[in-house]
Each structure stands twice: as structure tokens, then as C-alpha cells.
Amino acid sequence: MNEDTTGVDDRSEQPASAYSWYVLGVLVVVYILNFIDRQILSILAVDIKRDLSLTDGQLGFLGGAAFAVFYALFGVPLGRLADRWHRVRLLSIGLVLWSTMTALSGFARNYLTLSLARMGVGVGEATASPTAYSLISDYFPSRQRATALAIYSSGLYLGGGVSLLIGAKISKVWDAAYPSGGMGGLVGWQAAFLAVGLPGLLLAVWVASMREPVRQPVLAAGARHPLADFLVDLSMLLPPFTVWHALRRGPMAALVNLSMAAAMIGLALVMIRLTGNLPQWSAMAFGYYAVFSWAATLRRHDPATFTLIWGTPAFICTALGYGLVSLGAYALAFWSAPYAETVLKLPKDELAFVLGGSGALSGFLGVILGGRMSDWLRGRDPAGRILVVMFGILAPVIPIWVGFTTEVPALFYAMNFLAGLFAATALGAAAATTQDLVLPRMRGTATASFFLATTLVGLALGPYMVGQISELSGSMRVGVLSLIGVAPISLALLIYAYRTLPQAEATMELRARAAMGA
């Protein structure tokens, strides 16, 4: 293999240019739309539940695993593709796909069709962050990277907040104008999906105009085209191709792979029997088995990348520790509006305005302040950014407890703001840490691996966990408060990451070379 396994970041001392900040601005706009399309389901949840006769557990699946599993799994080969192919082109294609699937959500007539549309949104959106993280890491020097990634990540909170405002307004106006349904019988929540999906097709044209930064070629003479490699990488995740890849590594590898498949099927059957939720646990079992299969195959095809990601405890503990932060954040983002509408009996218009506005502001402030603080701490302590991630899991505990036990709307809103603000500080710090632990050519794959934790742990489990516990306990309040239980687990993982990170970063080139020579 003639790839550069150690590629030094030759931009590390160059200041970010004006064009770099322009690209960052475009990427923020894309991420805002990304989260509008993803989170609009929250403010529409009560109406969708009524019209499609859904349970809280089914709503949790639509808001979590239906999107998250496909987002995470396609993010892996798409992250690898971002390391090898034209990232701007890839992002443009993905934007067209997820916008189209969001619009098609507006034609959903039942649980199945809405689930399929949400899966399609997940596949399209999987192109966004691997390409954006890789582009930002090329356009910005290391000392500014956490700040730049934090600014990009602010689109998450701006989009999430705006989605509540847009969804509530469009739904209300449409239903007022067409009480019996408009064109084709479409009701307000369906019109909202159409209204936020279609503009993405125009935004894709703007994205396509950006310049692709020059980087060192990673293809050897006679190597496959990156798109062919993408299909190979995708086959590493999809049965029965997963078994074929395992067989190529030998009978023992195939036995291990089949044993993992059997274990995941068994776990899924147990959880389905306990909860009665077939789609949730089928998707989760498929997702975890696919990730295992991909990682095992990556170990053979790209041992250096495997070593610096899956073979580095500091990387894994940072990703999982932040994944539990995101579990709480995603669950709160999805369930705060339905909780306040059903438990506190607050009007949808007020919720959209207050929760949407405060969510956008708290997330924006938190992620920017957290990014700046993590860069400052990084300059004084190689593992300093981990301290910000720890803050992000511990600080929201009291606001969550107070906010979801009070009957006073003003206090609920204030605590929701603080919980969002504190949790948001962790994102830029965690993302930059995972980028620091890999070589430049591995950044897209590292991003995809980081998002496996935030999606398969955070997004796939968070909204569902609250919905399922709410269903079992008969109390949505109990469901939300259960989120506090993940804090000790996250803290333990992050303490381990803090202790091992300096050594892992200092030895990454040496370990990459050793892996390639093994």
C-alpha cells in the first residue's frame, strides 16, 4: 500500500483565510437545515401521534433509531469516501437526498411509510458531518480547530430551535386554512415536512460552488476509484456480505462474525419480548452487528486507521463518554415540547417560540463557549478538552431535575435553557479531541466513528429510552428524569480518557507505522 500513513498537517501553522471563514459559514447554513429536517418531528409529535395512532415508544423510534441507525451506518463508508473523494460534491449529493426524503415525509400516511422516510433522511444526512469535519480540519489550523468545529456545531442548536418555530407555524397556518386537509388531504404536520424539505434542493446548488481544498493524493497507481471503495465499504456493513468478508479472513473470523450475529439476534428477541417494540430492537441489533463487522474488516484493510480509532482507548472512551452526553441532549430536544404540551398543558405556539428560541440561543452559546474554553485548556493541558466534556455531562443534572419536577412554566423554561447550555459545551471539545487522535488522511473515518457513538448510543437510545420508560411507568416525567442515570457512566469513561489521551496522541504516528508494518 502506497498511502501516506503519517501525513503531517502542513496547515498547522497557517492562519485561517477569509475564504476559510466563508466555507465555514456555508457549512453552518447546511447544518442548520440538517437539524431543521431532523428535529421538526419533535414539535409535530403530538399531532403525528394522534393522526397515525402511535404510542410513545413508536414516537421515540421515529425520533431516534429510525433515523440514527441508518445515519450512523452509512456515515461509516461515507466518512471513508470523504477521505478519498471530492467532499464538496459528496455533500451536495447528500443534501439533495435528505431534502427529498424530508419532503416525502409529508406524504406519509402511516407508521411504516413515515419510518421509511426517516430512514432515508438518515442516509442522506450521513454525508454532512464527515465531509464538513474533514473540510474544516483542512481549512483551519489545529489551534483554531475546536473553535471552528464548535461554530459549525452551532448549526445543530440553531436548526433544532428554528425547527420548532417553523414546524408549529406552518402546521397551525395550514390547519387553519384547510381544516379538512388541503391538496391530497394533507394536514398541517405533513405540509411542514414539505416546506422544510424542498429548500434544500436550492441550497445544494450553493454548496456545489465551494472550492475543494488541495490535499495529498491517497490513491496508489492502479487503485480502485473511491466510489468503488465506497461500495466495498458499504458491503462490510450489510448482511450477507458481512459473512463473506469474514470468510475471506478465515474460518475463525467467520465463526466470530456469526457468533456476534447470533448474540445480537438473541438480545433483540429478549428486548422485543420485554418491550413489544420490534422496529427499535431490530434496528439496534442490526446496527451494532454491522458496526462490529465493519470494524473487523477495517482491521484487515486499513490497520493504521483501525489502530488509531478502535485500538485507542482514549478515542473510544471520549466517543462513548460524549455519546452519553448526546443521549441526554437528544432526548431533551425531542421530548421537551411534547412533555410541556401534555404534562404542563402549555400551548404549542408558546412552546415553539420559547423552547425554539431558548434552545437555539442556549445551544449556540454553549457550543461556542465550550469550543473556546476547550481550545484554551488544550493549550495548557494536552487532555484539557476532556474537562469540558465532563462539565457537559455533570452540569445539566440539577437543571434537568428541577425543570422536570416543577409545575411553574417559567422555571421549566429557565431550567431547560440551562440544561441545553451546559450540555452543548461538550460537543466542540469532544469532536476536536477525536480529530487530534488521528492522522489527517483518517479524519473522515474518525468523524464517522465518533458519530457512531453520538447516534447509535445517543440518538438511537435517548428519545426511545424516555418514550419507553414513559410508557412503562405511565409518567413522561419519570421517563425524562431517567436520563440522569447515565451521568456516572459517562464520567467514568471520560476520566479514563483524560488519563490516557496524552500518551495516545504523542504516539499516534509511531503506532500507525507499526500497524502498517505488522
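For the subset of segment 306-349 comprising residues that are of a type in the set (Val, Ile, Thr) and in a helix (DSSP H, G or I), which member is nearest to Gly485 (Cα to Cα)? Quick ask: steps written out before the conclusion?
Restricting attention to segment 306-349, the residues satisfying the condition of being of a type in the set (Val, Ile, Thr) are 307, 309, 312, 316, 318, 325, 342-343.
Pick out the ones that are also in a helix (DSSP H, G or I) and you get 307, 309, 316, 318, 325, 342.
Numbers: Thr307: 32, Ile309: 27, Ile316: 21, Thr318: 18, Val325: 11, Thr342: 24 Å.
Looking at the filtered set, the residue picked out is Val325.
On the basis of being among the polar types (S, T, N, Q) and within 27 Å of Thr127 (Cα to Cα), does Thr500 make the cut? Quick ask: steps written out before the conclusion?
Working: among the polar types (S, T, N, Q): yes; within 27 Å of Thr127 (Cα to Cα): no.
Against the criterion (among the polar types (S, T, N, Q) and within 27 Å of Thr127 (Cα to Cα)), Thr500 does not qualify.
For segment 322-357: of the residues being of a type in the set (Ser, Thr, Tyr) and crowded, with 20+ Cβ neighbours inside 10 Å, which is modelled with the highest pLDDT? Full working, then the answer.
Initially, segment 322-357 is screened for residues of a type in the set (Ser, Thr, Tyr), giving 322, 326, 330, 336, 339, 342.
Now restrict to residues that are crowded, with 20+ Cβ neighbours inside 10 Å: 322, 326, 330, 336, 339.
Numbers: Tyr322: 96, Ser326: 93, Tyr330: 88, Ser336: 93, Tyr339: 93.
If we take residues in segment 322-357 being of a type in the set (Ser, Thr, Tyr) and crowded, with 20+ Cβ neighbours inside 10 Å, then Tyr322 is modelled with the highest pLDDT.
Condition test on Ser163, is it surrounded by 15 or more Cβ atoms within 10 Å (Cβ to Cβ), under 28 Å from the mean Cα position of the chain (by Cα), at pLDDT below 85 and within 25 Å of Asn34 (Cβ to Cβ)?
Values: surrounded by 15 or more Cβ atoms within 10 Å (Cβ to Cβ): yes; under 28 Å from the mean Cα position of the chain (by Cα): yes; at pLDDT below 85: no; within 25 Å of Asn34 (Cβ to Cβ): yes.
Here the answer is no, as Ser163 does not meet what is asked.
Matching residues to (1) at pLDDT 90 or above; (2) within 27 Å of Gly356 (Cα to Cα); (3) outside the structural domain of Lys49 (by TED's automatic domain parsing):
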{"position": "Trp174", "(1), (2), (3)": "yes, yes, no"}
{"position": "Pro179", "(1), (2), (3)": "no, yes, no"}
{"position": "Val187", "(1), (2), (3)": "yes, yes, no"}
{"position": "Ala204", "(1), (2), (3)": "yes, yes, no"}
{"position": "Val214", "(1), (2), (3)": "no, no, yes"}
{"position": "Pro217", "(1), (2), (3)": "no, no, yes"}
{"position": "Trp244", "(1), (2), (3)": "yes, no, yes"}
{"position": "Leu247", "(1), (2), (3)": "yes, no, yes"}
{"position": "Ala253", "(1), (2), (3)": "yes, no, yes"}
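Does Leu95 meet the test of being assigned to a helix (DSSP H, G or I), under 18 Å from the mean Cα position of the chain (by Cα) and within 18 Å of Leu203 (Cα to Cα)?
Numbers: assigned to a helix (DSSP H, G or I): yes; under 18 Å from the mean Cα position of the chain (by Cα): yes; within 18 Å of Leu203 (Cα to Cα): yes.
Criteria met by Leu95.
Rundown of residues vs (1) modelled with pLDDT under 90; (2) in contact with a Phe, Trp or Tyr (Cβ under 9 Å, 6 or more places away or on another chain); (3) hydrophobic (A, V, I, L, M, F, W, C); (4) surrounded by fewer than 17 Cβ atoms within 10 Å (Cβ to Cβ), yes/no style:
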site	(1), (2), (3), (4)
Asp138	yes, no, no, no
Leu149	yes, yes, yes, no
Gly155	yes, yes, no, no
Leu198	no, no, yes, yes
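Determine whether Val291 is surrounded by fewer than 23 Cβ atoms within 10 Å (Cβ to Cβ), out of contact with any Cys (no Cβ under 9 Å at 6 or more places or on another chain) and under 29 Å from Ile469 (Cα atoms). Give the steps one after another, and end with the answer.
Values: surrounded by fewer than 23 Cβ atoms within 10 Å (Cβ to Cβ): yes; out of contact with any Cys (no Cβ under 9 Å at 6 or more places or on another chain): yes; under 29 Å from Ile469 (Cα atoms): yes.
Considered against the rule, which asks whether it is surrounded by fewer than 23 Cβ atoms within 10 Å (Cβ to Cβ), out of contact with any Cys (no Cβ under 9 Å at 6 or more places or on another chain) and under 29 Å from Ile469 (Cα atoms), Val291 comes out as yes.
Output the qualifying pairs, or none if there are none: Cβ atoms under 6 angstrom, residues six or more apart or on different chains, first residue in segment 111-124 and under 20 Å from Leu452 (Cα atoms) and free of Cβ contacts under 8 Å to residues at least 40 places away in the same chain, second residue aromatic (Phe, Trp, Tyr) and part of a helix (DSSP H, G or I).
Within 6 Å, the pairs are Gly124/Trp98.
What pairs come out if I take residues in segment 69-94 that are farther than 13 Å from Leu135 by Cβ and pair them with residues that are basic (Lys, Arg) whose C-beta lies under 9 Å away, six or more apart or interchain?
Phe70/Arg118; Tyr71/Arg38; Leu81/Arg87; Arg84/Arg441
Take residues that are buried (at least 24 other Cβ atoms within 10 Å of the Cβ) and out of contact with any strand residue (DSSP E or B) (no Cβ under 8 Å at 6 or more places or on another chain) and tell me which of the helices (runs of 4 or more DSSP H) falling wholly in segment 428-518 contain 3 or more.
Of the helices (runs of 4 or more DSSP H) lying wholly inside segment 428-518, those with at least 3 residues that are buried (at least 24 other Cβ atoms within 10 Å of the Cβ) and out of contact with any strand residue (DSSP E or B) (no Cβ under 8 Å at 6 or more places or on another chain) span 443-452, 460-473, 487-506.
For Gly420, state whether it is over 21 Å from Tyr71 (Cβ atoms), among the small types (Gly, Ala, Ser) and crowded, with 21+ Cβ neighbours inside 10 Å. Before the answer, list the steps.
On the way: over 21 Å from Tyr71 (Cβ atoms): yes; among the small types (Gly, Ala, Ser): yes; crowded, with 21+ Cβ neighbours inside 10 Å: yes.
So Gly420 passes the test.
The values are calculated or read from the model by the stated rules, or taken from the named source; none is laboratory data. From a predicted model like this one, the values you see are computed outputs, not experimental measurements. Note that we place each Cβ from the backbone using ideal geometry, even for glycine, and neighbour counts take in every protein chain shown.
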